[in-house]
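See structure below.
The values are calculated or read from the model by the stated rules, or taken from the named source; none is laboratory data. These figures come from a predicted structure and were not determined experimentally. No Cβ is skipped: glycine too gets one built from the backbone with ideal geometry, and neighbour counts run over all protein chains shown.
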Amino acid sequence: MISVTFPKYVDDAQIKYAVIVARRNGKWLFCRHSQRTTLECPGGHREAGETPLETAHRELYEETGAVAYELTEVGPYQVTRFGGGSSCGMLYKAEIDATEALPQGSEIAETVELDALPDNWTYPEIQPCLLKRTCPDCADVRTYRHCTAAYVMDRQGVVYRDEDACAMDQLNFSFGLVKDGKVTGSHWRSIEAYKTYVALHPHILPVLSVGGWGAGGFSEAASTPERRTRFVESTMALLEEHGFLGLDIDWEYPGSSVAEIASSPDDKENFTLLMQALRDGLDALAAKDGKHRLLACALGASASLVGNIECEKIGRIADQINLMTYDMYRSRFCGHHTALLPSANAEYMSAAQAVADYSAAGIPAEKIMLGCAMYARVFAHDGQCMPPLFASSPSIGNETMPYFRIKADPALTFAMDDTAKAAYAYDNCRFLTFDTPSSITCKLDYVKNNRLMGLMCWEYGEDDQGELLRAMQGDV
């Protein structure tokens, strides 16, 4: 799993590469290495004593033969290989007016001019991102690699299917809990099955999720430097003990006691301080073994929660934001709980609105994972309005049903709200709101069109055939 980000500032000593997005004769100019059949942008390693600009000039000549050109700095970029290392480079763009033969001994077999961008990239998870950064209005960037992640709940008997592995980049083991200020997994029942599965499928990033709905202890643990140190040290020990290469903090609602847990007006700042302490702890582990570890947090979709978080700071510290765009329902109302867009009815929450709210507050769009629901919220209705979408209900929304049971229920009629891009089902007394392959396909299109990081879901065990996972991946 690879992430490409564009920090505003990178220390000069961290810049190891220069990459140039080049054009000549009104066309894109790419290189083919003598030992490859794929194409790449000119660029390469920074040599000792060179500035990044000097590297760019040298590489542009060595790989394209350019002798007359205009070279412009775009800015730094960072490539993070979770479970591995990270590296930084400087990105440039060049308009080439004249070239000569490639220098003697060049590793480049040929340069290629193209009207459209290629499909056969050497670095398909990196180069399209650099192209898009250099030319944000370019509609030609066709290659897009989104991340697919699933939460899995710790419980006896959870079944991990080998067939599902190809549809997942990341699997979040849920949950570690905060006890006496320390993060613990002493209550776990299925950790060994989880570890066996990710060992069999090493492309899946193993991530520990800490917290969850109603899991307290965060406000207290984040409240002082000493308590934060206790929290971080216990977390790092647990990660190392079980081989996790990522950490997901599911405090979910800093500054709020909505889940009947302790909160404080200081949570807003303390959440940032806790996340920074965790970032420092993960970086210290990476310094020991060279493995960069992902830092994520799960955030509620309600606009009222955005103000409880220092979004711009969290957006810089975290690698990934798991936006819980589910459970967005109204009590006693047959509406959607995981709608992508606002519906014809004046419902107050949608995934697109949540993305807009957090992005405006400073969370980078490229770090946002949009949430999918592998379960339904179930509401009763009196059968007077059919279909019962937007009908009143006596239910408060606390009843749920897993997707595999929804599919198997012969009494249900399935439907789609094309305005909200949200699926639902009903019979003469029940209304169910949930995700289907069709609604997830709409979410995936939204993720691609808005360059989000990807899709995540709650919860793996509720889709026993992998149907929704395949839709999240794009295989429908």
Any chance Gly85 is surrounded by fewer than 21 Cβ atoms within 10 Å (Cβ to Cβ), among the small types (Gly, Ala, Ser) and without any contact (Cβ under 8 Å) to a residue 60 or more places away in the chain: no
Residue within region 184-200 that is modelled with pLDDT under 95 and surrounded by 13 or more Cβ atoms within 10 Å (Cβ to Cβ) present: no
Breaking point among (1) among the aromatic types (Phe, Trp, Tyr); (2) in contact with a strand residue (DSSP E or B) (Cβ under 6 Å, 6 or more places away or on another chain); (3) farther than 30 Å from Leu245 by Cβ, for Tyr61: (2)
Residue under evaluation Leu130, criteria (1) surrounded by 18 or more Cβ atoms within 10 Å (Cβ to Cβ); (2) modelled with pLDDT of 95 or more, criterion not met: (2)
Single match in Asp427, Asp475 (criterion: under 20 Å from the mean Cα position of the chain (by Cα) and either at pLDDT below 95 or assigned by TED's automatic domain parsing to the domain that holds Ala167 (or both)): Asp475
Index of the failed condition, Leu285 passing every other in (1) crowded, with 19+ Cβ neighbours inside 10 Å; (2) in contact with a helix residue (DSSP H, G or I) (Cβ under 8 Å, 6 or more places away or on another chain): (1)
Criterion (outside any strand (DSSP E or B), of a type in the set (A, V, I, L, M), at pLDDT 95 or above and under 23 Å from the mean Cα position of the chain (by Cα)) met by exactly one of Leu455, Leu444: Leu444
Region 194-207 residues that are on the phi > 0 side of the Ramachandran plot, paired with ones that are modelled with pLDDT under 95 (beta carbon under 7 Å, 6 or more apart): none
Matching residues in region 169-218 - criterion: being of a type in the set (Ser, Thr, Tyr), more than 22 Å from Met453 (Cα to Cα) and either assigned to a loop (DSSP other than H, G, I, E, B) or within 23 Å of the chain's Cα centre (by Cα) (or both): Ser186, Ser190, Tyr194, Tyr197
Flag for Asp427 being surrounded by fewer than 14 Cβ atoms within 10 Å (Cβ to Cβ) and either in contact (Cβ under 8 Å) with a residue 12 or more places away in the chain or under 23 Å from Ala301 (Cβ atoms) (or both): no
Condition met for Gly211 (under 20 Å from Gln320 (Cβ atoms) and modelled with pLDDT of 95 or more): yes
Restricting region 218-272 to residues that are at pLDDT below 95 and on the phi > 0 side of the Ramachandran plot, the residue that is surrounded by the most Cβ atoms within 10 Å (Cβ to Cβ): Glu252
Residue within region 295-302 that is at pLDDT below 95 and of a type in the set (S, T, N, Q) present: yes
Selection within region 343-366 - at pLDDT below 95 and not aliphatic (A, V, I, L, M): Ser343, Asn345, Glu347, Tyr348, Pro364, Glu366
Residue count for region 383-410, restricted to those that are in contact with a Lys or Arg (Cβ under 7 Å, 6 or more places away or on another chain), in a loop (DSSP other than H, G, I, E, B) and of a type outside the set (A, V, I, L, M, F, W, C): 4
Residue check, Glu73 modelled with pLDDT of 95 or more, in a strand (DSSP E or B), more than 14 Å from Cys129 (Cβ to Cβ) and touching a helix residue (DSSP H, G or I) at 6+ places or on another chain (Cβ under 9 Å): yes
Every residue from region 133-155 that is modelled with pLDDT of 90 or more and assigned to a loop (DSSP other than H, G, I, E, B): Asp154, Arg155
